[in-house]
Amino acid sequence: MKLIYIVEDDANIREIEMFALKNSGFEAEGFECASDFMRRLRQQKPSLILLDIMLPDEDGISILAKLRANPATGTLPIILVTARTTELDKVKGLDSGADDYIAKPFGVMELISRVKALLRRAEPDLPETSLILSDIILHTTNRSCCVSGQPVELTYKEFELLSLLIRNAGSVLTRDVLMEKIWGIDFMGESRTLDVHIKTLRKKLGPAGQHIKTIRNVGYLADK
């Protein structure tokens with residue numbers, strides 16, 4: 001049974017999340033503050049973390065950065081759950097290493113859908129050793145990325161999105177196809193999520209980001 005950690009200082013929201021997860025077949029443990037969460041994390045790693053940004057003892061973005069910097073927790077699937085809903089907040093969270101972002105208030109069905117979609121992709125089947133597009137090289141064995149020989153840190157979703165685009169280089173992938181393949185067919189969020197991921201991905205790739213083309217009113221294309 002998959003274990004989910006919930007780091008949320010609002011007791012009501014924490015209880016709702018735990019109840020929903022347990023009713024969906026998951027184990028769930030809740031933490032009111034960062035110190036309790038980090039103490040428990042040293043004892044056992046979960047399958048996924050739901051992380052609030054605004055916590056009483058430490059900012060969630062700071063916690064996220066520490067988790068990504070630690071080899072023991074660097075690849076854990078993490079979903080930010082927060083009341084901060086501006087595009088800048090979302091970009092900051094995704095740039096810091098979050099795999100997904102849920103804005104409060106949210107529906108229970110959306111929460112479970114996002115959790116399941118991320119867990120389904122925790123161990124993808126990637127038969128290729130590497131994927132290459134111009135100066136971009138993705139090493140699928142260790143899920144690393146290099147651009148012009150320099151390492152580029154990508155989140156789980158960014159790596160999946162770039163992999164899909166490169167595998168289909170030269171072909172336009174519609175928004176619906178990208179949402180289905182990366183977030184799952186039962187994804188219930190708004191399509192703006194895709195745009196935010198593309199934007200942050202281009203920024204991280206630097207000049208090589210120009211190879212990801214926007215096809216207006218259709219989707220996106222990896223230009224060969």
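The values are calculated or read from the model by the stated rules, or taken from the named source; none is laboratory data. Predicted, not measured: the structure shown is a model, and the values here were computed from it. Backbone-built Cβ (ideal geometry, glycine too); neighbour counts: all protein chains shown. Surface accessibility is based on the protein's heavy atoms, side chains included, excluding ligands, DNA and RNA. Shrake-Rupley method; radii C 1.70, N 1.55, O 1.52, S 1.80 Å.
Farther than 20 Å from Ile13 by Cα and among the basic types (Lys, Arg): which single residue out of Lys116, Lys104, Lys45 fits that description?
Being farther than 20 Å from Ile13 by Cα and among the basic types (Lys, Arg) holds for just one of Lys116, Lys104, Lys45, which is Lys45.
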Q: Out of Ser62, Ser47, report the one residue that is free of Cβ contacts under 8 Å to residues at least 60 places away in the same chain and of a type in the set (Gly, Ala, Ser).
A: Ser62
**Q.** Every residue from the stretch 74-98 that is within 21 Å of Ile198 (Cα to Cα) and either touching a Leu at 6+ places or on another chain (Cβ under 6 Å) or at pLDDT 90 or above (or both)
**A.** Pro77, Ile78, Ile79, Leu80, Val81, Gly93, Ser96, Gly97, Ala98
Q) Are there any pairs, at least 6 apart or on different chains, whose C-beta atoms fall under 8 Å, with the first in the stretch 93-112 and among the charged types (D, E, K, R) and the second at pLDDT below 85 and in a strand (DSSP E or B), and if so, which? A) Lys104/Thr82
Q: Could you run through the stretch 151-175 and say how many residues are out of contact with any helix residue (DSSP H, G or I) (no Cβ under 9 Å at 6 or more places or on another chain), surrounded by fewer than 17 Cβ atoms within 10 Å (Cβ to Cβ) and either closer than 18 Å to Pro77 by Cα or without any contact (Cβ under 8 Å) to a residue 12 or more places away in the chain (or both)?
A: 1
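With exposed (fewer than 15 other Cβ atoms within 10 Å of the Cβ), in contact (Cβ under 8 Å) with a residue 12 or more places away in the chain and not in a loop (DSSP other than H, G, I, E, B) as the only criterion, which of Glu15, Glu29 stands out?
Glu15
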**Q.** Verdict on Lys66 being open to solvent by 40 Å² or more (accessible area, probe 1.4 Å), of a type in the set (D, E, K, R) and assigned to a loop (DSSP other than H, G, I, E, B)
**A.** no
**Q.** Extreme residue, farthest from Met1 (Cα to Cα), among residues of the stretch 37-63 that are open to solvent by 60 Å² or more (accessible area, probe 1.4 Å) and assigned to a helix (DSSP H, G or I)
**A.** Arg39
Q) Quick one: is Lys22 in a loop (DSSP other than H, G, I, E, B), charged (D, E, K, R) and open to solvent by 10 Å² or more (accessible area, probe 1.4 Å)? A) no
(Q) With the structure loaded, tell me whether Ile102 is at pLDDT 95 or above, in a strand (DSSP E or B) and among the β-branched types (Val, Ile, Thr) or whether it fails that test. (A) no
